[in-house]
Every structure is written in structure tokens, then in C-alpha cells.
Amino acid sequence: MTRLTRALRGTITAFAAVLALTTASATASATTRAPADPKAPADFVALSSVDATIIQEIRYFTPHNFVGERIDGYRQPMCILTRPAAQALHTAQQQLLRKGYSLKVYDCYRPQRAVDHFVRWAKDLDDQAMKGEFYPRVDKTRLFQDGYIAERSGHSRGSTTDLTIVRLPARPTHPYVPGQPLVPCYAPKDERFPDNSLDMGTGFDCFDTLAHTLDPRIQGQQRANRLLLKSTLEKLGFVNLAEEWWHYTYQPEPYPDTYFDFPVSRASLTPGR
């Protein structure tokens, strides 16, 4: 074998080794690539595609919530619901518009990964950054026991929404700035975090018994506002969670036993939904 032939064979062997290493690396990368996100069933829709007039202030896409940071799974600030629930909200909105009001949603479908985020936060007793606003009178050790946090949420079934009523024309809501002073969620409306909704007696996601829909301490215009929301929605098939004036579930639920985990994103929906 000539010296040139030996050199050529050596070059070919080295090239083959590099090629094999590159192929193996690519194969390993493909193997370890994260699985694609699950998609929503075809009858889940963006609320805006059913009624574009309903105001959306998706709190868990922002740091203004009891955790203090954007929640896992909220990739876009949008409301996703099963179509029957969205259509019922559209009917409610038509009724309220005639009275000079609009619905405003804080949260709709919530992926299981978001609920898992809540659970991890609740178990971290050292993280109480948002206590001053959202749970001033509740010890964090009691969040599970008192029912404020659970490992499953009806929101993940797609027919539950957290919402309020806004008088039109709607005023802009001042954005939350992380680190700003916190005020208890049950403080008078002109003291707590500004919200363009009607005065419901507490802010949204207030971990306090004053947030119970029919708490007898809530009277006057605050009670009337809660009852306006309640009566409007209950006539259309929604059922209120007694402990939260903002929480309503459409009945019958299309998926009463299924807890979904697709992200809150337009990409999760069937095109055109």
C-alpha cells in the first residue's frame, strides 16, 4: 500500500468517525426534544371569536396575582372556553350592554400546569410576597385546608370563568408595577388596587370570607353589584361558587371529568376557533 493510499484511507476513516458522531448527536437531540404541547378539543374557542366586546384582563398572564409572577401555561393574555360557555357569556353581554355595562373576564380555561404552579407556591411558606394584598388575614399554612388552593380546578375543564362587570365607557386600568405597596383586597375601593369594575366589596382573588358571594357584611351598592352579576349569569346556566363572587361554571359542562393541560395560546386551538 502506497503512502498516498494510506493517507487517503486515514482521511476517509476520520471523516466517517466525525459523520457518525454528528449523526448520533442529532439522534440524541431528537430523542430528548420536549414533546409537543397538547391541543384543545375542537369545541374550545377563543372568547374573542364569539364576542369581541367582552373585556379581558387575564391576571395570570401578569405578575398581579397572589403568586406575584406570570403563571405557567399562560402564553397569551386570552380567554379560552368551551363553545357553550362562551356563547352563554355572549348572551349575558348583550343583556348588560343594553344597561350600559360590560362583562370583564379575569380568567377562563386554566391548564393543569398552572394549577400545579399554584400548589408549588402554596407549599413554599417562605414566599409571601403578595400576602399584603391577596391574603392579609389568612395564614399561608391554611391555604389548602381553607380551600383557597387545591390540586385540581374546575377551570381546567374549560367551562369555568372568573369575571366581573364594568360600567361603560370602561376606564383604563392602571397597570401593576412589581414591588409597589400592597393594599388589602378588602379595603375600600378607592384604597385598594385600582380596577375599572363595579365595586364588589373586595378585589378579585381575595382570599377572605368577605369574598363569599352572599356574605351578610356586604350590603348596599356592593351587594347589588354582586347580585347583578349573579342574576344575569344564573339565568343562562352558570352556577356560582359561593366562596368567590367572581367564579361561575356553565352547566351542563361538556367535559365534567376531564382536566386539560394545553397552554393558554391561540396555537392550542383549532384554526378559526
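The values are calculated or read from the model by the stated rules, or taken from the named source; none is laboratory data. The shown structure was predicted, so the numbers you read here are calculated from the model rather than taken from an experiment. Using ideal geometry, Cβ is built from the backbone for each residue, glycine included, and neighbour counts are taken over all protein chains shown.
Here are the numbers:
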{"quantity": "From the options Thr164, Thr160, Thr202, Thr173, residue that is assigned by TED's automatic domain parsing to the domain that holds Glu57, over 17 Å from the mean Cα position of the chain (by Cα), surrounded by 20 or more Cβ atoms within 10 Å (Cβ to Cβ) and not aliphatic (A, V, I, L, M)", "calculated": "Thr202"}
{"quantity": "Matching residues, region 23-75, being modelled with pLDDT under 95 and within 23 Å of Arg171 (Cα to Cα)", "calculated": "none"}
{"quantity": "Qualifying positions in region 78-99 - surrounded by 18 or more Cβ atoms within 10 Å (Cβ to Cβ) and within 13 Å of Leu168 (Cβ to Cβ)", "calculated": "Gln93, Leu96"}
{"quantity": "The lone exception for Val166 - which of (1) assigned to a strand (DSSP E or B); (2) free of Cβ contacts under 8 Å to residues at least 24 places away in the same chain; (3) of a type outside the set (D, E, K, R) it fails", "calculated": "(2)"}
{"quantity": "Test: residue in region 238-260 that is closer than 25 Å to Lys131 by Cα and in contact with a Lys or Arg (Cβ under 8 Å, 6 or more places away or on another chain)", "calculated": "yes"}
{"quantity": "Filter pass, Pro181 being closer than 16 Å to Lys104 by Cα, assigned by TED's automatic domain parsing to the domain that holds Val67 and either over 22 Å from the mean Cα position of the chain (by Cα) or assigned to a loop (DSSP other than H, G, I, E, B) (or both)", "calculated": "no"}
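Here is a yes/no grid of residues against (1) touching a Gly at 6+ places or on another chain (Cβ under 6 Å); (2) assigned by TED's automatic domain parsing to the domain that holds Arg157; (3) in a helix (DSSP H, G or I); (4) surrounded by 15 or more Cβ atoms within 10 Å (Cβ to Cβ):
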position	(1), (2), (3), (4)
Arg217	no, yes, no, no
Gln222	yes, yes, yes, yes
Leu229	no, yes, yes, yes
Thr232	no, yes, yes, yes
Leu236	no, yes, no, yes
Ala242	no, yes, no, no
Trp245	no, yes, no, yes
Tyr248	no, yes, no, yes
